[in-house]
Structures are given as structure tokens and as C-alpha cells.
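The structure appears below as C-alpha cells.
The values are calculated or read from the model by the stated rules, or taken from the named source; none is laboratory data. From a predicted model like this one, the values you see are computed outputs, not experimental measurements. Quick reminder, even Gly has a Cβ in these numbers, built from the backbone with ideal geometry, and neighbours come from all protein chains shown.
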Amino acid sequence: MRASEKSGVQLLVRQYLQLRGWRVHRLQSDLRPGIGAHNADREEPGTPDLLAWHPDPLRFVYIECKRRGSKPSPVQDLWIWDARKRGITVLVVDSLESLVDQLHEATRQGCAECGAPSPTSCACG
């Protein structure tokens, strides 16, 4: 995996959400030896990269960031399946566009900025 592509998506996701009033927390670091292994016990395997929450209305979303066209690993699929089964919103995004589409669908609140009911009718871009 090219980490720079994934980190680029993650940065865009964080900036987009923060500009719209979301608080965004990075949940785990890279667990490869010598890179981020010192944080290996912070989260269980498969935990998504980010946890975001918005205060008005209160909502929480886990977000797994992937490089374009990439899919979650089997352990990530299991974590996501288990969370969704329990009613937790988990998004798997590989671009800013996929975040916007999934976020609109998941929150069913429409656009946080203009109140549009769907991304296609959103006026704020």
C-alpha cells in the first residue's frame, strides 16, 4: 500500500469534516514494525482510522480511509460488519467524493451546510 495516497485521503477527509463542525480523532497509527508499533495496543485489529462526531445534531461516524480502489482487509471487514450489526455507522472511503456521498446517506440529514436532502441537490459543493 502506498501510505502517501492513504494519508492524502485521510487529510482531505479530516479537513472537510473539520470545516463543517465535526471533531475528528485519529484512532490508530501504522502498526508496521519500527513505524508505529509503539501504539499497537491502543486499538484492536481492524479498528477504522478515524472517529468523527458532530454536535448538532449529535452523531458519530467511524471512517476507514483507503487509497483509491483499495478494499478493507479481512480483519477490517469483520470489525466493520460487527459494528454495523450493532447499529454503528462505519464509512469506507477512498476519496473526498466517496466520503460526501456516504456521509449524506448515513446521516440522512442532508448537507450540514445548506440542508439539501442529497449530495446531488447540494448547492455548497
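A few comments on the model shown:
- Filter result (assigned to a loop (DSSP other than H, G, I, E, B) and of a type in the set (D, E, K, R)) within the stretch 46-88: Asp49, Asp56, Lys66, Arg67, Arg68, Lys71, Arg86
- Number of the condition not met by Ile80 [criteria: (1) at pLDDT 90 or above; (2) closer than 17 Å to Arg14 by Cβ]: (2)
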